[in-house]
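Here is the structure we will look at.
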Amino acid sequence: MIFLSRTIAVVLGLPLLGFLLMAIVTCQVSATVVNADFYKSRLSNAHLYTFALTELPPAIAADVRRSGNESSKPEGAALIISGLSDQDIVDSLNRVLPEAWLRATIEQALDEIVPYAAGGVDEFSLLLEPDESSETLIEEVKRLLRKSNFYVTLSERVAETVAEDVMRATGDPGAAVGADRIAQAVVSVFAADWLQVRIEGSLDEIDQYILGESDSFDLRLEIRESVRHGAEEVTDILREEDAYDILVEDAIVGSIFEELGGQTAVDIIERLRGAFSGDLAWTERDLHSLVESEFGNEGLQGFQQTRTWLSRLRLLGLLAWAFVIALLISIGLLGGRDWCGRITWAADCLAVVALLLFVAFRFLRSAWNSLLDDARSEALGEIDTDSSFAATEGLITGKSFEIVADASSVFIDGMERQSLICFLIGLALVAGVVGWRRWRARARKTG
């Protein structure tokens with residue numbers, strides 16, 4: 001009879017292994033995946049904020065410069081960045097987005113979103129209150145435009161474009177002397193200082209628009225008046241009304257608009273207005289819309305099901321530990337003849353099962369690290385070196401895999417630690433029983 005009961009006790013070691021694994025995994029998921037502090041510590045450990053503000057901007061600038069160099073006539077951002085050093089860009093970005101503010105904003109988002117995604121709460125509201133970032137942004141744009149020698153370059157580029165357009169429109173595109181005279185005339189009227197005053201005035205107006213203090217903004221350069229009262233050379237060249245209209249209404253306005261970034265710049269201004277005009281609230285409804293737009297209705301349903309399961313995680317963990325305790329008690333009762341024997345059987349099974357899990361987690365770490373290394377190499381190899389932002393993509397990819405590797409390492413560390421603790425508890429119980437028996441034997445001899 002004792003043989004049969006002990007056989008059953010050994011067999012019960014298999015479900016014990018499964019339930020102990022389930023208990024350890026659910027406990028570790030609760031401590032990491034559904035815990036906002038876990039993400040905060042991983043991002044901090046990866047120095048993500050320093051990376052975003054000091055390492056990434058130079059890579060983006062280098063890619064923009066490279067794309068500008070590949071073009072015979074760089075425009076927009078490439079034209080501005082070409083006159084700035086990496087340190088200029090980094091310093092400005094850190095003034096607009098201080099690291100402390102960026103960290104606080106992201107951590108606030110994690111504190112709101114993670115509990116919702118884990119099913120702990122049914123709603124959240126992430127409120128971002130605009131501070132002086134808009135004013136700082138506009139001032140930094142002004143400073144960078146001045147430092148990059150942008151207005152001098154813009155004046156020369158506009159003059160070249162206007163000359164080409166006017167000569168083409170007047171039917172004499174091959175008259176090089178005429179084109180040069182027109183370019184010189186345009187530069188004499190639309191000099192760098194003139195452009196700087198008008199564009200910076202427009203930036204001040206844009207600042208009010210971004211903050212929601214006005215409903216529109218105008219890029220007023222007063223071009224027609226400047227031509228009318230400009231150098232006599234302009235009026236000598238543009239005696240014909242057709243050429244004058246082309247110069248004022250089409251060539252100059254159009255070329256300045258394109259040099260400043262064109263429609264892309266307008267789109268950026270609209271997005272900034274959405275971000276800065278009043279408090280920006282982001283709720284669970286916005287999150288649902290984002291998930292649905294990216295992954296469709298099935299993706300949204302999957303997200304909701306995941307939230308449901310994660311909300312039951314604590315209960316599942318408690319049930320798993322309850323089954324572990326129940327199985328250990330059953331193993332002890334079936335395997336031992338007295339209380340010391342029962343504790344020894346339960347402790348031995350716990351130690352053996354925990355040791356097996358510890359070894360398995362060690363193998364898991366090795367296999368996972370190898371898989372990550374292969375995936376990282378593959379991802380970096382798939383980056384098109386001829387793409388406009390190859391260096392930036394490589395930097396972001398490398399940092400992303402670094403964060404994933406660190407987070408997964410912490411996750412596996414936790415499971416190894418828990419299995420080792422269970423193993424040590426088993427050994428401690430066995431040692432306690434052995435010590436108790438020896439003490440009792442010695443006491444009987446002396447008694």
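Scanning region 437-447 for residues that are free of Cβ contacts under 8 Å to residues at least 24 places away in the same chain and in a helix (DSSP H, G or I) gives Arg438, Trp439, Arg440, Ala441, Arg442, Ala443, Arg444, Lys445, Thr446. Here Glu378 passes the criteria (1) open to solvent by 30 Å² or more (accessible area, probe 1.4 Å); (2) in contact (Cβ under 8 Å) with a residue 12 or more places away in the chain; (3) over 28 Å from Ser30 (Cα atoms); (4) assigned to a helix (DSSP H, G or I) except the one numbered (2).
Let's see how each residue does on (1) more than 21 Å from the chain's Cα centre (by Cα); (2) free of Cβ contacts under 8 Å to residues at least 24 places away in the same chain:
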site	(1), (2)
Leu328	yes, no
Ile331	yes, no
Arg365	yes, no
Lys399	no, no
Glu402	no, no
Phe411	no, no
Gly435	yes, yes
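Within region 334-352, identify whether any single residue is at pLDDT 90 or above, of a type in the set (Asp, Glu) and open to solvent by 60 Å² or more (accessible area, probe 1.4 Å), and answer yes or no. Within region 334-352, one or more residues are at pLDDT 90 or above, of a type in the set (Asp, Glu) and open to solvent by 60 Å² or more (accessible area, probe 1.4 Å).
Here's the yes/no breakdown for (1) assigned to a helix (DSSP H, G or I); (2) modelled with pLDDT under 85:
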| site | (1), (2) |
| --- | --- |
| Thr50 | yes, no |
| Gly68 | yes, yes |
| Lys73 | no, yes |
| Ile80 | yes, yes |
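Residues of region 386-402 being open to solvent by less than 40 Å² (accessible area, probe 1.4 Å) and charged (D, E, K, R), which ones? Hit for region 386-402 is Lys399, nothing else. Annotation note: of Leu310, Leu356, Leu327, Leu319, the sole residue that is at pLDDT below 90, out of contact with any Lys or Arg (no Cβ under 7 Å at 6 or more places or on another chain) and part of a helix (DSSP H, G or I) is Leu310.
Here region 403-447 is the region considered, the condition is being among the aromatic types (Phe, Trp, Tyr) and buried (at least 16 other Cβ atoms within 10 Å of the Cβ), and the residue that is nearest to Val29 (Cα to Cα) is Phe411.
Please go through region 1-51 and give me each residue that is aromatic (Phe, Trp, Tyr), open to solvent by 40 Å² or more (accessible area, probe 1.4 Å) and more than 22 Å from Leu356 (Cβ to Cβ), ordered by number.
Phe3, Tyr39
If you go through region 340-350 one residue at a time, do you hit one that is within 30 Å of Ser5 (Cα to Cα) and without any contact (Cβ under 8 Å) to a residue 40 or more places away in the chain? For region 340-350, residues within 30 Å of Ser5 (Cα to Cα) and without any contact (Cβ under 8 Å) to a residue 40 or more places away in the chain: present.
One residue alone among Leu300, Leu316, Leu327, Leu357 is open to solvent by less than 70 Å² (accessible area, probe 1.4 Å) and in contact with a Pro (Cβ under 9 Å, 6 or more places away or on another chain), and that residue is Leu327.
Per the conditions (1) open to solvent by 60 Å² or more (accessible area, probe 1.4 Å); (2) not in a helix (DSSP H, G or I), the sole criterion not satisfied by Ile383 is (1).
The values are calculated or read from the model by the stated rules, or taken from the named source; none is laboratory data. Here the structure is a predicted model, which is why all the values come from computation and not from measurement. All Cβ positions, even for glycine, are placed from backbone atoms using ideal geometry, and neighbour counts span all protein chains on display. Quick note on the areas: whole protein, heavy atoms, side chains included, nothing else; ligands and nucleic acids left out. Shrake-Rupley method; radii C 1.70, N 1.55, O 1.52, S 1.80 Å.
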